[in-house]
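Scroll down for the structure; my scribbles are underneath it.
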Amino acid sequence: MAVSPSKILGGMVAACALVLTGCAGGDGDGGAGGDGESYKIGINQLVQHPALDAATAGFKEAFEEAGVEVEFDEKNANGEQGTALTIAQQFASDDLDLALAVATPAAQAMAQNIMNIPLLFTAVTDPVEAELVDSTDAPGANVTGTSDAAPIEEQLDLLKQIVPDAKTVGIVYASGEVNSQVQVDQAKEAAEPKGLTIETQTVTTVNEIQQAVEALGDVDAIYVPTDNMVVSGIAALVQIAEAKKIPVIAAESGTVEGGAVATLGIDYTELGKQTGEMALRILRDGEDPASMPVETAKEYTYVVNEAAAERQGVTIPEEILAEAEKK
């Protein structure tokens, strides 16, 4: 994806765009908390699954809590990159004050097309690798947001606590998702010192997930990263895992709700709300996305599914159960 020209153009027009959004806010003086302020925001969500749904809900919740009136134009790409691009092109011609992209492929589509208004992203693992920002400290154009980078090393520690004899860990991920490749590379790096070997299979559609799980062979556990395609089709993966008694450890809580055993992960509702708070600073306080650092989750939580653990043939240690949220 060639977004560098977008960044150059975005850097030239960002200040003007922010002035315009302040005027569109309807409070006349652009000040925070003014009576009658209202905005129009377009949301491009890649696919429907619990984590992304929660991020979108949290984003909207930030405005509700602030008492700010917003007209949200919500679109869902149903997991199709082409549809995400079409949505982005539509938003580029609409009269929006700000736009939100939920998940990496949606953010890439939006960054290619939206250069004259602030663009925020959430649920993006590595915005630099995805060419959305120049750096996490200084994004450099009209784009910034929040990263859902998972604590992969700690999640592999959790896997070892639940499956102490594990030697081989399988990962199924979408070949077209940059965020997933980043996580697989990080998992491989973190696994070696723990005596773990990572085996991988890639998919291009949800329909390939079961076959990919079968192709992993005789693995001791499966790790599911924040891969939008695989998470949206988690039931297919869990079905094979349960039949083979292979424990599934997830990168986020929605996957645990969908049938994985456990995670040490982020709260996507809170991540979305954090993104909404960034949007408010842009719209009401006049902050410039170009100089707003990309933010990350502020805390991680154990989430477990005891019924899934039983079906997959493992016992969750008491010390984890004592502090875990249960699904």
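The values are calculated or read from the model by the stated rules, or taken from the named source; none is laboratory data. On a predicted model such as this, the values are computed, not experimentally measured, just so you know. Cβ coordinates were reconstructed from backbone atoms using ideal geometry, including for glycine residues, and neighbour counts include every protein chain displayed. With ligands, DNA and RNA removed, areas are computed over all heavy atoms of the protein, side chains included. Shrake-Rupley method; radii C 1.70, N 1.55, O 1.52, S 1.80 Å.
Calculate what fraction, in whole %, of the accessible area of the chain sits on carbon and sulfur atoms when a 1.4 Å probe is rolled over the protein chains. The partial results should precede the final answer.
Working: 5920 of 13100 Å².
Using a 1.4 Å probe with all protein chains present, the chain comes out at 45 percent carbon and sulfur.
What list of ³J(HN,Hα) values in whole Hz, one per residue of region 228-233 in order, does the Karplus curve 6.51 cos²θ - 1.76 cosθ + 1.60 (θ = phi - 60°) give from phi, with Gly and Pro shown as x?
With coefficients 6.51, -1.76 and 1.60, one gets 5, 5, 5, 5, 5, x Hz.
Could you point to the residue in Pro127, Ile246, Leu216 farthest towards the positive end of the chain's charge dipole, with +1 and -1 charges on the Cβ of Lys/Arg and Asp/Glu respectively?
So the residue furthest toward the plus end is Leu216.
Which whole-Hz couplings ³J(HN,Hα) result when phi for each residue of region 130-136 is put into the Karplus expression 6.51 cos²θ - 1.76 cosθ + 1.60, θ = phi - 60°, listed in order with x for Gly and Pro?
7, 6, 8, 9, 5, 7, 6
Hey, if you put +1 on the Cβ of every Lys and Arg and -1 on every Asp and Glu Cβ in the chain, which of Gly176, Asn78, Ala150 ends up farthest toward the positive end of that dipole?
The one lying farthest along the dipole's positive direction is Gly176.
Taking a cut-off of 26 Å between Cα atoms, list the lysines near Lys327, but don't count ones fewer than 8 places away on the same chain.
Within the straight-line limit of under 26 Å, Lys327 reaches these lysines: Lys60, Lys160, Lys244, Lys245, Lys273, Lys298.
Once amide H atoms are placed 1.01 Å from N in the peptide plane, what residues at a sequence separation of 5 or more from Thr168, or on another chain, have their amide H within under 5 Å of its amide H?
Hits under the 5 Å cutoff: Thr197, Asp220, Ala221.
Which whole-number value in Å² is the accessible area per residue of region 172-225, probe 1.4 Å?
Dividing the accessible area of region 172-225 by its residue count gives 46 Å².
Can you give me the distance in nm between label points at Glu71 and Ala307, each placed 7 Å from the Cα along the Cα-to-Cβ direction?
4.3
Say R0 is 45 Å: what FRET efficiency, to the nearest 0.05, do Glu318 and Ser93 get from their beta-carbon distance? Don't skip to the answer; put the middle values down first.
Values: r = 57 Å, r/R0 = 1.26.
Calculated value: 0.20.
Roughly what angle does helix 178-191 make with the longest principal axis of the chain, taking Cα atoms, 0 to 90 degrees, to the nearest 10?
Its long axis makes an angle of about 40 degrees.
Which net charge results when you count Lys and Arg as +1 and Asp and Glu as -1 among the other residues whose beta-carbon is under 11 Å from that of Asp95? Please report the intermediate quantities before stating the final value.
Working: positive: Lys40; negative: Glu71, Asp73, Asp94, Asp97.
Net charge in that neighbourhood comes out at -3.
Taking the DSSP beta bridges in the chain as the whole, what percent of them are antiparallel, to the nearest 5?
Here the antiparallel bridges make up roughly 10 percent for the chain.
What whole-number value in Å² describes the accessible area per residue of region 94-133 for a 1.4 Å probe? Spell out each step's value before the answer.
Working: 870 Å² over 40 residues.
Per-residue value: 22 Å².
Taking amide H atoms as placed 1.01 Å from N in the peptide plane, list the residues 5 or more away in sequence, or in a different chain, whose amide H sits under 5 Å from that of Val224.
Result for Val224 returns Ile249, Ala250, Ala251.
Over what distance in Å are the Cα centres of region 209-234 and region 72-128 separated?
Comparing the Cα centres of region 209-234 and region 72-128, I get a distance of 27 Å.
Output ³J(HN,Hα) for region 265-274: one whole-Hz value per residue in order, computed from phi by the Karplus curve 6.51 cos²θ - 1.76 cosθ + 1.60 with θ = phi - 60°, and x for Gly and Pro.
Values, residue by residue: x, 8, 9, 5, 5, 5, 5, x, 5, 4 Hz.
Once you keep just the Cα pairs under 8 angstrom separated by 6 or more residues, what percentage relative contact order results for region 23-165?
Details: 236 pairs, mean separation 28.8, N = 143.
About 20 percent, as a whole number.
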